[in-house]
Amino acid sequence: MALRQTGDIPAAGNDVEQVIEKYTNIKLKIQWIPQAAFNDKINIMIASNDMPKIMKVNYVPAVINAIKADVFWEVGPYLKDYKNLAAQNPQYYDNIQVDGKVYGIPNYRDIGRAAVVYRKDWFDAMGLKLPTTMDEWYTVLKALATGDPDKNGKNDTYGTALFKGYNDGTHPS
């Protein structure tokens, strides 16, 4: 199994690994890949056809191309055989399909993650309405940034915030 390393590498045979092995009746061999080299390492594994049985991937061009070239197995027809996987909202699987087929298990997280979220209390306090045009967006964002919507007497609010790396490596090309 190839996984992204996001901290210290756990010792082989640690308690968690042992519990997983006992529960699944499988001996795990985990290859930890440093975050900074993850996509490059996955690309090398795909190009060399030296892949583990399970690996975490991002939907980057190399992975999508490998899926289309039948490097990965389609698992969609088997999901119904696993009650926990079959019980998930079908939209999770719709979101990771390539050419209408499912080749992996998605990260189960809030489906509505990418959205514009606003502070209704701030809009109400400043008499703002939801914007519907780019000009209205500009006006609202400027008002939030300069109008003290939290009423603390300080110039410390932002009109908008964006997580810079939100979509890095997660979208098909």
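The values are calculated or read from the model by the stated rules, or taken from the named source; none is laboratory data. Keep in mind that this is a model prediction, so the values were computed, not measured. Ideal geometry is used to build each Cβ from the backbone, glycine not excepted, and the neighbour counts take in all protein chains shown. Note: accessible area is taken over every heavy atom of the protein model, side chains too, but ligands, DNA and RNA are not part of it. Shrake-Rupley method; radii C 1.70, N 1.55, O 1.52, S 1.80 Å.
General remarks:
- Taken over segment 124-139, the criterion of being in contact with a helix residue (DSSP H, G or I) (Cβ under 8 Å, 6 or more places away or on another chain) and within 22 Å of residue 152 (Cβ to Cβ) is satisfied by 126, 128.
- The residues in segment 92-114 that are open to solvent by less than 80 Å² (accessible area, probe 1.4 Å) and more than 30 Å from residue 142 (Cβ to Cβ) can be counted, and the count is 12.
- All conditions in (1) more than 30 Å from residue 143 (Cα to Cα); (2) free of Cβ contacts under 8 Å to residues at least 60 places away in the same chain; (3) in contact with an Asp or Glu (Cβ under 9 Å, 6 or more places away or on another chain); (4) not β-branched (Val, Ile, Thr) hold for residue 122, with the sole exception of (1).
- Scan of segment 115-154 for residues that are closer than 30 Å to residue 88 by Cβ and surrounded by 10 or more Cβ atoms within 10 Å (Cβ to Cβ), ordered by number: 118
- Every listed requirement among (1) in contact (Cβ under 8 Å) with a residue 24 or more places away in the chain; (2) more than 20 Å from the chain's Cα centre (by Cα); (3) open to solvent by 50 Å² or more (accessible area, probe 1.4 Å) is met by residue 6 save one, (2).
Every residue, every condition in (1) hydroxyl-bearing (Ser, Thr, Tyr); (2) more than 20 Å from residue 98 (Cα to Cα); (3) at pLDDT below 90, yes or no:
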residue	(1), (2), (3)
18	no, yes, no
21	no, yes, no
28	no, yes, no
32	no, yes, no
35	no, yes, yes
43	no, no, no
48	yes, yes, no
55	no, no, no
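- Scanning segment 11-59 for residues that are free of Cβ contacts under 8 Å to residues at least 12 places away in the same chain and touching a helix residue (DSSP H, G or I) at 6+ places or on another chain (Cβ under 7 Å) gives a single hit, 27.
- When residue 61 is tested against (1) farther than 30 Å from residue 11 by Cβ; (2) surrounded by 15 or more Cβ atoms within 10 Å (Cβ to Cβ); (3) of a type outside the set (Val, Ile, Thr), only condition (2) is not met.
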